[in-house]
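K.L.:
Next up is a structure, given as structure tokens.
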Amino acid sequence: MLARIWSATLVGIDAVKVGVEVDVAGGLPKTVIVGLPDAAVQESRERVKAALKNSGYAFPMRKIVVNLTPADLRKEGPSFDLPIAVGILAASEQVSAQLLGDTMFLGEVSLDGSLRPVAGVLPIAAAARRLGMSAIVVPEANVQEAAVVEGLSVYGCKSIAEVADLMNDPSRHARVVVDPEAALADSDRLMLDLKDVKGQIQARRALEIAATGGHNLIFVGPPGSGKTMLARRLPGILPPLRVEEALEVTQIHSVAGLLRDRGQLVRDRPFRSPHHSASGPSLVGGGSYPKPGEISLAHNGILFLDELTEFKRDVLEFLRQPLEDGFVTISRTRQSVEFPAQFTLIASTNPCPCGYFGDTIQACSCSPRQREQYWSRLSGPLMDRIDLQVVVGRLKPEEMTQQSTGEPSENVRDRVQAGRDRASERFRGESVRCNAEMGSSHLRKWCQLDAGSQAILEGAIRKLGLSARATDRILKVSRTIADLAGSEAIGTNHIAEAIQYRTIDRMQ
């Protein structure tokens, strides 16, 4: 007898519908899986056989052919265990086949028949809804993740026996429903607070501007000046994720297999901080079957590169295209996939190899040649893409010993949210979400300068030798500064402050 089950496989962060055809026919006992399965799928023969027997079901001692369609699409991972097991049960008439037509099955089976969680459930559930499927059956550990997709009946099962009971009598099982808005509101993560930061008024201001406009930021200063401490407090002043943003982030983390212990929406903006020994593929993603890298895992959040000049130059050059386009395309012989990568880059570095160039107390021991080589690791095009470049100086003794705390993150977050709300109203109906994403047409429309502001900008271009890209970045930052001030027009004070953050484009 022949049975057809529906499942899915991942291509990047998108899911492709896969048919699992199981034919139980006469012949010597043998199980064959065809349709470009990888090693994990091939091994499912033994897992499914043991799981069915240990669950009290008969494994047909006949020739079983499992065909995964479309045949030219590579299938990988253990998520096909459950659809293969269900197909064998249906083809051998041990369970009812009434749910097979419009239900998708996904899950890994253990030898005792229990179901284990798998990666990529959310994008697969979203694809099931888009393709017109009415229900999806997943391991219980994945049910909260899949249930955020509206309009789809989601069932979570602990074992093959529970799945079989669902197929024989669906009325005995309730579908799981999750309210995405409520799931996001349930966040209880403790954020680091800006009130712990002493002094550093300009650096705190730069953080506020970066959070409001989504601008890239680099801190340059001697060891112990608070660069890393400041950067790690940026998530605490960012506005919360919207539902559509949370779904995007959760899909990426689900594909990467980072939700197995969480089983629900990602509630907080990502903060990724890879070590400076990271390779290019680990940042942008890669592999024979591409998986998302750090920049995609930081989508809608922060990518923090501490000790930026310690990264290899060729690795940093991988960031240029994603910083400009907001996505990364990875091409391989077998396939080409696109991952979203709209992140805010926050970086920190010392001003020279010894770390004390420009310090008011400890003298720098580096030669001009050493400093030049040190900064040559950061290319001009990369620095052009960093909107805010801030020198963080050594704290004064009275600042280090002061007992009073600074302004808390909660107050700053309110101003950031107000600034983002102004930008959202301005960009209503467009794909732009924050000032840093503005294109040329938006700059012409929303960043017009009066004669005084234009004169100041032209003078800065001549003096600093700014490129056209760096000039556009100044306009975007000045638009954000104006938003924070509640001003519709960009004034001379806004453009002057924005120019202050371009003074270390080529620090040596």
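The values are calculated or read from the model by the stated rules, or taken from the named source; none is laboratory data. Bear in mind the structure is a predicted one, so any value in this text is a computation, not a measurement. For neighbour counting, all protein chains shown are included, and Cβ atoms are generated from backbone atoms with ideal geometry for every residue, glycine included. Note: areas computed on protein heavy atoms with side chains; ligands, DNA, RNA excluded. Shrake-Rupley method; radii C 1.70, N 1.55, O 1.52, S 1.80 Å.
K.L.:
Tell me yes or no: at least one residue of segment 467-481 is free of Cβ contacts under 8 Å to residues at least 12 places away in the same chain and either among the polar types (S, T, N, Q) or under 24 Å from V391 (Cβ atoms) (or both). Steps first, answer last, please.
P.N.:
Start the filter on segment 467-481 by keeping residues that are free of Cβ contacts under 8 Å to residues at least 12 places away in the same chain, which leaves 468.
After this cut, where a residue has to be either among the polar types (S, T, N, Q) or under 24 Å from V391 (Cβ atoms) (or both) as well, the list is none.
For segment 467-481, residues free of Cβ contacts under 8 Å to residues at least 12 places away in the same chain and either among the polar types (S, T, N, Q) or under 24 Å from V391 (Cβ atoms) (or both): absent.
K.L.:
Being assigned to a strand (DSSP E or B) and more than 34 Å from the chain's Cα centre (by Cα) narrows it down to one of V154, V137, V95, V65, so name that one.
P.N.:
When all the criteria are applied, what remains is V65.
One line per residue, one yes/no per condition, for (1) in a helix (DSSP H, G or I); (2) within 30 Å of V255 (Cβ to Cβ); (3) at pLDDT 95 or above; (4) not small (G, A, S):
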{"site": "V18", "(1), (2), (3), (4)": "no, yes, yes, yes"}
{"site": "T31", "(1), (2), (3), (4)": "no, yes, no, yes"}
{"site": "A40", "(1), (2), (3), (4)": "yes, yes, no, no"}
{"site": "L52", "(1), (2), (3), (4)": "yes, yes, yes, yes"}
{"site": "M61", "(1), (2), (3), (4)": "no, no, no, yes"}
{"site": "A71", "(1), (2), (3), (4)": "no, yes, no, no"}
{"site": "D81", "(1), (2), (3), (4)": "yes, yes, yes, yes"}
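K.L.:
Using the structure shown, decide if S336 is among the hydroxyl-bearing types (S, T, Y), without any contact (Cβ under 8 Å) to a residue 40 or more places away in the chain, closer than 25 Å to S277 by Cα and open to solvent by 30 Å² or more (accessible area, probe 1.4 Å). Talk me through it step by step, then tell me what you get.
P.N.:
Working: among the hydroxyl-bearing types (S, T, Y): yes; without any contact (Cβ under 8 Å) to a residue 40 or more places away in the chain: yes; closer than 25 Å to S277 by Cα: no; open to solvent by 30 Å² or more (accessible area, probe 1.4 Å): yes.
Here the answer is no, as S336 does not meet what is asked.
K.L.:
While we're on this one: For residues in segment 202-216 being within 21 Å of the chain's Cα centre (by Cα) and among the small types (G, A, S), which is nearest to I237 (Cα to Cα)?
P.N.:
It comes out as A211.
K.L.:
Counting only residues that are open to solvent by 10 Å² or more (accessible area, probe 1.4 Å) and of a type outside the set (D, E), how many does segment 112-132 have? Walk me through it before giving the result.
P.N.:
Filtering segment 112-132 for residues open to solvent by 10 Å² or more (accessible area, probe 1.4 Å) gives 112, 114-117, 119, 126, 129-132.
Among the residues that remain, those that are also of a type outside the set (D, E) are: 114-117, 119, 126, 129-132.
Final tally of qualifying residues: 10.
K.L.:
Can you find a residue in segment 367-374 that is open to solvent by 30 Å² or more (accessible area, probe 1.4 Å), among the small types (G, A, S) and farther than 30 Å from A468 by Cα? Explain how you work it out, then say what you get.
P.N.:
Filtering segment 367-374 for residues open to solvent by 30 Å² or more (accessible area, probe 1.4 Å) gives 367-373.
Narrowing further to those that are among the small types (G, A, S): 367.
In the following step, the residues that additionally are farther than 30 Å from A468 by Cα were identified as 367.
Yes; the residues of segment 367-374 include at least one that is open to solvent by 30 Å² or more (accessible area, probe 1.4 Å), among the small types (G, A, S) and farther than 30 Å from A468 by Cα.
K.L.:
Restricting attention to segment 65-77, does a residue exist that is within 15 Å of I160 (Cα to Cα) and either among the small types (G, A, S) or free of Cβ contacts under 8 Å to residues at least 40 places away in the same chain (or both)?
P.N.:
The initial filter retains those residues of segment 65-77 that are within 15 Å of I160 (Cα to Cα), namely none.
No, every residue in segment 65-77 fails to be within 15 Å of I160 (Cα to Cα) and either among the small types (G, A, S) or free of Cβ contacts under 8 Å to residues at least 40 places away in the same chain (or both).
K.L.:
Sort out which residues of segment 268-291 are hydroxyl-bearing (S, T, Y), farther than 14 Å from L319 by Cα and at pLDDT 85 or above, and write them in order of number. I'd like the intermediate steps shown before the answer.
P.N.:
First, the residues of segment 268-291 that are hydroxyl-bearing (S, T, Y): 273, 277, 279, 282, 288-289.
With farther than 14 Å from L319 by Cα added as a condition, the list becomes 273, 277, 288-289.
Residues satisfying the conditions are S273, S277.
K.L.:
If you don't mind, there's one more thing I want to ask. Here are S277, S282, S288: which of them is out of contact with any Phe, Trp or Tyr (no Cβ under 9 Å at 6 or more places or on another chain) and either free of Cβ contacts under 8 Å to residues at least 24 places away in the same chain or not in a loop (DSSP other than H, G, I, E, B) (or both)? Talk me through it step by step, then tell me what you get.
P.N.:
Values: S277 fails: out of contact with any Phe, Trp or Tyr (no Cβ under 9 Å at 6 or more places or on another chain); S288 fails: either free of Cβ contacts under 8 Å to residues at least 24 places away in the same chain or not in a loop (DSSP other than H, G, I, E, B) (or both).
None of the others qualify; the one that does is S282.
K.L.:
Kindly indicate whether any position in segment 42-61 is buried (at least 16 other Cβ atoms within 10 Å of the Cβ), in contact with a Leu (Cβ under 8 Å, 6 or more places away or on another chain) and within 30 Å of R130 (Cα to Cα).
P.N.:
Looking for residues that are buried (at least 16 other Cβ atoms within 10 Å of the Cβ), in contact with a Leu (Cβ under 8 Å, 6 or more places away or on another chain) and within 30 Å of R130 (Cα to Cα), one finds none in segment 42-61, hence no.
K.L.:
Here's another thing I want to ask about it. If only one of V412, V416 is within 24 Å of L323 (Cα to Cα) and surrounded by 15 or more Cβ atoms within 10 Å (Cβ to Cβ), which one is it?
P.N.:
On the way: V412 fails: within 24 Å of L323 (Cα to Cα).
Just a single option satisfies the conditions, and that option is V416.
K.L.:
Further question: Go through segment 198-232 and give me each residue that's of a type outside the set (K, R), open to solvent by 10 Å² or more (accessible area, probe 1.4 Å) and touching a Gly at 6+ places or on another chain (Cβ under 7 Å).
P.N.:
Q200, P222, P223
K.L.:
Check whether at least one residue in segment 312-329 is charged (D, E, K, R), touching a strand residue (DSSP E or B) at 6+ places or on another chain (Cβ under 9 Å) and over 17 Å from G224 (Cα atoms), and report yes or no. Steps first, please.
P.N.:
Narrowing segment 312-329 to residues charged (D, E, K, R): 312-314, 317, 320, 324-325.
If we keep only those that are touching a strand residue (DSSP E or B) at 6+ places or on another chain (Cβ under 9 Å) as well, we get none.
No, segment 312-329 contains no residue that is charged (D, E, K, R), touching a strand residue (DSSP E or B) at 6+ places or on another chain (Cβ under 9 Å) and over 17 Å from G224 (Cα atoms).
K.L.:
Same structure, new question: Based on this model, can you work out whether S171 counts as polar (S, T, N, Q) and touching a residue at least 12 places away in the same chain (Cβ under 8 Å)? It would help to see each step written out before you state the result.
P.N.:
Working: polar (S, T, N, Q): yes; touching a residue at least 12 places away in the same chain (Cβ under 8 Å): no.
Taking the combined requirement at face value, the residue does not satisfy it.
K.L.:
Where the second residue is hydroxyl-bearing (S, T, Y) and the first is assigned to a helix (DSSP H, G or I) and lies in segment 220-231, which pairs have Cβ atoms under 9 Å and are six or more apart or on separate chains?
P.N.:
K227/S348; K227/T349; T228/S348; L230/S348; A231/S273; A231/S348
K.L.:
Name the pairs whose Cβ atoms lie under 6 Å apart, with the first residue in segment 433-454 and open to solvent by 50 Å² or more (accessible area, probe 1.4 Å) and part of a helix (DSSP H, G or I), the second modelled with pLDDT of 90 or more and not polar (S, T, N, Q), and 6 or more positions between them or separate chains?
P.N.:
So the pair list comes out empty.
K.L.:
So, one more: I need the full set of residues from segment 375-397 which are over 20 Å from R205 (Cβ atoms) and open to solvent by 80 Å² or more (accessible area, probe 1.4 Å), in order please.
P.N.:
The answer is R377, P397.
K.L.:
Among the residues of segment 456-473 satisfying the criterion of being open to solvent by less than 30 Å² (accessible area, probe 1.4 Å) and under 27 Å from the mean Cα position of the chain (by Cα), which is farthest from A211 (Cα to Cα)?
P.N.:
Checked segment 456-473; the qualifying residue farthest from A211 (Cα to Cα) is A470.
K.L.:
Let me ask something additional. So how many residues does segment 300-317 have that are within 22 Å of the chain's Cα centre (by Cα) and either open to solvent by less than 10 Å² (accessible area, probe 1.4 Å) or not acidic (D, E) (or both)?
P.N.:
Residues meeting the conditions: 10.
K.L.:
Considering (1) open to solvent by 40 Å² or more (accessible area, probe 1.4 Å); (2) in a loop (DSSP other than H, G, I, E, B); (3) under 17 Å from A246 (Cα atoms), say which one A174 fails and leave the rest.
P.N.:
So the condition that A174 fails would be (3).
K.L.:
Which of the residues belonging to segment 170-196 are closer than 30 Å to Q402 by Cα and modelled with pLDDT of 85 or more? I'd like the intermediate steps shown before the answer.
P.N.:
Within segment 170-196, the subset closer than 30 Å to Q402 by Cα is 189-196.
Result: L192, D193, L194, K195, D196.
K.L.:
Another question about this same structure. Among (1) open to solvent by 10 Å² or more (accessible area, probe 1.4 Å); (2) β-branched (V, I, T); (3) in contact with a strand residue (DSSP E or B) (Cβ under 8 Å, 6 or more places away or on another chain), there is one condition I252 misses while meeting the rest; what is its number?
P.N.:
Failing condition for I252: (1).
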